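Reading through the structure tokens given below for one structure.
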Amino acid sequence: MFARRIAFILLALVAAAPAAAQDKLRTIASFSILGDLVKKVGGARVEVATLIGPNGNAHVYEPSPADSRRVADAKVVFVNGLGFEGWLGRLVKASGTRAAIVVASTGIGPRSSASETRLGDDKTDPHAWQSVANAKRYVANIRDALIKADPAGEGVYKANAAAYQAKLDALDREVREVVAGIAPDRRRVITSHNAFGYFQDDYGIEFTAPQGVSTEAEASAKDVAAIIRQIRTQKIAAVFLENVTDPRLVQQIANETGAKVGGVLYSDALTDATGDAPTYIDLIRHNFKQLAGALLS
Ligand SMILES: [Zn+2]
């Protein structure tokens, strides 16, 4: 009798202990910035694994067999869409996953680099998260997908999303105030790839890049020469490096023109926890402070 009772208690403990972890909704985010947004909305109910981690470049990513297994185990897979994850279809197929595939940028009007008198290719620009208003849309889409996958968490997801969107509103106001202090004729910079078009549209700082909206193709000598001419004629104040691209080309442009290197901007990935941009809000704040630091001085 006593032994049976002990066995019963042990069984109950075994059942209770891992339940907390198992009960969490297993999700995947394709890249680190999106992973942070999913964590903010999901909170303690959701486990988030990220395929492309800190400082990783999604444009040239190749999924591993381990990624395929993680995707197979997930209930929801969050992706950016807008052509950012060209490798996704193959990965989903190879994994045989039955997860819901959620495109976080759904509802955002895509911009195309072809509509601009700027350098780059004429592809859809996938970097929609560089607009804080767009990030609010991502958050709403993430919230709705989590509610669908885990209806019992509806109240939590709604509260988390609303609280985080209020922070994004405050961040958006912060960027606008800082940019308003920069003289309009100073609001022009160079970066290595064309990742800041949505930031440009929202906040009025003009970005030009020798590489297009993807980093797959190398910059052409003609594009680089055009940028060097542009820096000289438009008196562009600063060039910026990025955390996901090779710094040598931008460095070379700076050397040749005497333009100041304004620092590193975070385009397509967060940093790790010890860096300047471990979260999305840190990333945007770091970027506009770097821009202001170079353009105000
Ligand atoms: Zn990019």
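Structure notes:
- For the set Lys39/Lys93; Lys40/Lys289; Lys39/Lys260, the pairs lying more than 29 angstrom apart at their alpha carbons are Lys39/Lys260.
- Other residues within the sphere of radius under 13 Å centred on the Cβ of Gly81, judged by their own Cβ, net out at -1 (K and R +1, D and E -1).
- Principal semi-axes of the equivalent ellipsoid, √(5λ) from the alpha carbon gyration tensor of the chain, are 42, 20, 17 Å from largest down.
- Above 23 Å, the calculated P(r) of region 194-282 contains 24 percent of its Cα-Cα pairs.
- Cut-off 13 Å between beta-carbons: net charge of the residues surrounding Glu154, Lys and Arg +1, Asp and Glu -1: +2
- Share of carbon and sulfur in the accessible area of the chain stands at 54%, probe radius 1.4 Å.
- Rounded if a/c under 1.5, otherwise prolate or oblate - region 39-192, Cα gyration tensor axes: oblate
- Per residue, the chain exposes 47 Å² of solvent-accessible protein surface, assessed with a 1.4 angstrom probe and all protein chains in place.
- Proximal lysine pairs, region 107-258, alpha carbons under 21 Å, eight or more residues apart or interchain: 7
- All other residues whose Cβ lies under 12 angstrom from that of Tyr164 are scored, Lys and Arg at +1 and Asp and Glu at -1, for a net of +4.
- For region 152-233, the Kirkwood radius over C-alpha pairs fed into Stokes-Einstein at 10 °C and 1.306 mPa s yields D = 102 µm² per second.
- Accessible area (Å², 1.4 Å probe, nearest 10) - Lys40: 80 Å²
- A helix-only calculation puts the chain at -15000 deg cm²/dmol for mean residue ellipticity at 222 nm, using -39500 (n - 2.57) for each DSSP H run of at least four residues, averaged over all residues.
- Simple spin-label estimate for Ala273 and Asp246 in nanometres, 7 Å along Cα-Cβ: 3.3 nm
The values are calculated or read from the model by the stated rules, or taken from the named source; none is laboratory data. Quick caveat: nothing in here was measured; it's all calculated off a predicted structure. So basically every Cβ, Gly included, is an ideal-geometry build from the backbone, and we count neighbours across all protein chains shown. Ligands, DNA and RNA are stripped out before the accessible areas are found, and what is left, the full protein with its side chains, is counted by its heavy atoms. Shrake-Rupley method; radii C 1.70, N 1.55, O 1.52, S 1.80 Å.
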